[in-house]
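In what follows, a structure is listed as structure tokens, so that the remarks can point back to it.
The values are calculated or read from the model by the stated rules, or taken from the named source; none is laboratory data. Fair warning: this is a prediction, and the values are worked out from it, not measured in the lab. Counting neighbours? That spans all protein chains shown, and the Cβs are built from the backbone with ideal geometry, glycine included.
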Amino acid sequence: MQILRRMALGHARTRLVRLGFWLAVIALLVSAVAGSITRPSSAAGKSSTARVFVWGQNEFGQLGDGTNTSRPTPVALANTGDILDVAAGSVHSIALKSDGTVLAWGFNFYNQLGDGTLTNRNTPVPVSGLTDIIQVAAGGAHNLALKRDGTVWAWGYNEWGQIGDSSRTSRSTPVIVNGANGVVAIAPGPRSAWR
């Protein structure tokens, strides 16, 4: 609950993501340049001018810079538009744009990019059908998006039911989470989700 309270402050967001035995912190400071540690081998950050910077491991294109080359220093992502928030799963990343749409890139074996394919992407692609989104969150191989109307949408790997649609079927495009209405914040675990 402490994490959700920090996220609601608006000026700084901190998310804890457990990736197997790794514990990583994603911190996004809106008012200054800050690095977001997404996992021990890759990272993403955002500057005060709403540009996204990425660095680290890039085997599956999870940096979104158009290559599969790992980067030891930050590089800016091109053509992403005005980004409000970034989040990263195990080997994929997502970003919330100021127009309420969502971009995704990286590993897509478990449908975690939400573009209706299983194709890995090394540049950001739109997540299908999402509009009016106010928050995004990435789990290990699944994602959550909170709409302005308080509903939650999910896509990706679903072996343990983390999508919340009463199934264990992985979803290649976002589906509504059953019973998640009036939600104000979201936070995924690697195999679960909280609202």
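Check off (1) in contact with a strand residue (DSSP E or B) (Cβ under 9 Å, 6 or more places away or on another chain); (2) in a loop (DSSP other than H, G, I, E, B) for Thr69 and give me the number that stays unchecked.
Exception for Thr69: condition (1).
Regarding the range 133-146, can at least one residue be identified that is over 14 Å from the mean Cα position of the chain (by Cα) and either small (Gly, Ala, Ser) or farther than 22 Å from Leu77 by Cβ (or both)? Let's see the steps before the verdict.
At the first step, the residues of the range 133-146 found to be over 14 Å from the mean Cα position of the chain (by Cα) are none.
Checking the range 133-146: not a single residue is over 14 Å from the mean Cα position of the chain (by Cα) and either small (Gly, Ala, Ser) or farther than 22 Å from Leu77 by Cβ (or both).
Can you pull out every residue in the range 76-87 that is under 11 Å from Val54 (Cα atoms) and surrounded by 18 or more Cβ atoms within 10 Å (Cβ to Cβ)?
Leu77, Val86
So which residues in the range 56-69 are modelled with pLDDT of 90 or more and either more than 12 Å from His92 (Cβ to Cβ) or touching a helix residue (DSSP H, G or I) at 6+ places or on another chain (Cβ under 9 Å) (or both)?
Correct list: Asp65, Gly66, Thr67, Asn68, Thr69.
When only residues in the range 73-109 that are assigned to a strand (DSSP E or B) and of a type in the set (S, T, N, Q) count, which is nearest to Trp153 (Cα to Cα)?
In the first step, residues of the range 73-109 are kept if they are assigned to a strand (DSSP E or B); the result is 73-76, 83-88, 92-97, 102-106.
Those left that are additionally of a type in the set (S, T, N, Q): 73, 93.
Details: Thr73: 33, Ser93: 16 Å.
So the residue we want is Ser93.
Of all residues in the range 138-179, which are of a type in the set (Lys, Arg), in contact with a Phe, Trp or Tyr (Cβ under 8 Å, 6 or more places away or on another chain) and over 20 Å from Ala88 (Cβ atoms)? Steps first, answer last, please.
Narrowing the range 138-179 to residues of a type in the set (Lys, Arg): 147-148, 168, 171.
From what is left, the residues that are in contact with a Phe, Trp or Tyr (Cβ under 8 Å, 6 or more places away or on another chain) are 147, 168, 171.
Passing the criteria: Lys147, Arg168.
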